[in-house]
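Right, one structure below, let's go through it.
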Amino acid sequence: KNEVEQSPQNLTAQEGEFITINCSYSVGISALHWLQQHPGGGIVSLFMLSSGKKKHGRLIATINIQEKHSSLHITASHPRDSAVYICAVPIQGAQKLVFGQGTRLTINP
Amino acid sequence: GAGVSQSPSNKVTEKGKDVELRCDPISGHTALYWYRQSLGQGLEFLIYFQGNSAPDKSGLPSDRFSAERTGGSVSTLTIQRTQQEDSAVYLCASSLGFFLARHTDTQYFGPGTRLTVL
C-alpha cells in the first residue's frame, strides 16, 4: 500500500460543478501540501496545511489529522481548473517528501 | 522578484554520457529540493538541501546520481553514465526553510529540465 493515496485518479466534470479530491496517508506527518500541475507541466503550490481548513479563492483544503485524510475542494469549477492535483506529505523524522499519484481533473465547458 | 530557474530547459543526450542540471533558487531561500517526474508517472523526491547542512542522499535512485549546492544557493544535479530510464523531467523547488527537515514551508517550483536519453 502506498503511503499516500489519492482518489479519484481521474475526474471529469462540467463547468460550475463542485469538485472534491481526496488524499489519505498512512504515516505521521507535520503538514500536507496540495500542488497543481498545469497541462504544460508547471507546478504551483496551492496549500500547505497542518490542521483545519484553508481557503484561497474558489479553492478550499481541509485536513483531519486523526483520520489521516485531506480533501481539496473547488467551487464553481471552470475549464481553467483542468490540471493534475497532487498531495504530498513529509515523512516525520526523514528528509523526504512522499507524493500521491495525482488526480487528473478535466472541466468541460 | 525572480522565481526558481532551471537550465537547460531541455537536454538530449546519448546513453552513457554524463549530464549536469542546474537550479537557481529564489534568493534567500535556504531549502532546495530536487524531484523527478518520469513520463506518465508521479513526482519522485530525490534530495533536499537545508542551508549548509549535509543533504540526505538516500532518495537518489542510484550512485550515478549526485547533487551539490554551492554557497547555499545554486545547486547542480549530476547524472553519470546516463541510462534510458533516467529520461524524465527533473524539477527543482525552493522554500524559505524555516523549519529544518519538517518541509512545512510553501515550495516554489522551477519549470523543470526535460532530459531525454537516447
ask   = So is B:Arg114 of a type in the set (Lys, Arg), in contact (Cβ under 8 Å) with a residue 40 or more places away in the chain, within 30 Å of A:Phe47 (Cβ to Cβ) and within 14 Å of chain A (Cβ to nearest Cβ) or not?
value = yes
ask   = Looking only at residues in segment B:93-118 that are of a type in the set (A, V, I, L, M) and more than 17 Å from B:Ser38 (Cβ to Cβ), which one is modelled with the highest pLDDT?
value = B:Ala93
query = Of the residues that make up segment B:16-34, is at least one facing chain A (nearest Cβ under 8 Å) and buried (at least 21 other Cβ atoms within 10 Å of the Cβ)?
reply = yes
remark   = Conditions (1) closer than 19 Å to A:Gly28 by Cα; (2) not in a strand (DSSP E or B) -> A:Ser77 fails only (1)
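Per-residue answers, yes or no, for (1) in a loop (DSSP other than H, G, I, E, B); (2) more than 24 Å from A:Asn2 (Cβ to Cβ):
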site: B:Ala2; (1), (2): yes, yes
site: B:Gly16; (1), (2): yes, yes
site: B:Tyr33; (1), (2): no, no
site: B:Tyr48; (1), (2): no, no
site: B:Ser62; (1), (2): yes, no
site: B:Gly71; (1), (2): no, yes
site: B:Leu77; (1), (2): no, yes
site: B:Arg81; (1), (2): yes, yes
site: B:Gly97; (1), (2): yes, yes
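Would you be able to say whether some residue in segment A:54-72 is of a type in the set (S, T, N, Q), in contact with a Phe, Trp or Tyr (Cβ under 9 Å, 6 or more places away or on another chain) and farther than 16 Å from B:Glu44 by Cα? I'd like the intermediate steps shown before the answer.
First, the residues of segment A:54-72 that are of a type in the set (S, T, N, Q): A:62, A:64, A:66, A:70-71.
If we keep only those that are in contact with a Phe, Trp or Tyr (Cβ under 9 Å, 6 or more places away or on another chain) too, we end up with A:70.
Pick out the ones that are also farther than 16 Å from B:Glu44 by Cα and you get A:70.
Yes, segment A:54-72 has at least one match.
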query = Checking B:Gln6 against (1) more than 17 Å from A:Gly41 (Cβ to Cβ); (2) touching a Lys or Arg at 6+ places or on another chain (Cβ under 7 Å), which test does it fail?
reply = (1)
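Just to verify a result, which residue in segment A:1-54, among those that are part of a loop (DSSP other than H, G, I, E, B) and crowded, with 18+ Cβ neighbours inside 10 Å, is farthest from the other protein chains (Cβ to nearest Cβ)? If you could, list the steps in order and put the result at the bottom.
Looking only at segment A:1-54, we keep the residues that are part of a loop (DSSP other than H, G, I, E, B), and these are A:1-3, A:8-9, A:15-18, A:26-31, A:38-42, A:50-51.
Checking which are crowded, with 18+ Cβ neighbours inside 10 Å leaves us with A:29, A:31.
Numbers: A:Ile29: 9, A:Ala31: 4 Å.
So, considering only residues that are part of a loop (DSSP other than H, G, I, E, B) and crowded, with 18+ Cβ neighbours inside 10 Å, the one farthest from the other protein chains (Cβ to nearest Cβ) is A:Ile29.
Looking for whichever is crowded, with 21+ Cβ neighbours inside 10 Å and at pLDDT below 90 here; the options are A:Gln66, A:Gln95. Which one fits? Step through it out loud before you land on a result.
Values: A:Gln66 fails: crowded, with 21+ Cβ neighbours inside 10 Å.
Matching residue, one of A:Gln66, A:Gln95: A:Gln95.
The values are calculated or read from the model by the stated rules, or taken from the named source; none is laboratory data. Values in this document were obtained by computation on a predicted structure and should not be read as measured data. Here the Cβ is made from the backbone with ideal geometry for all residues, glycine too, and neighbour counts use every protein chain on show.
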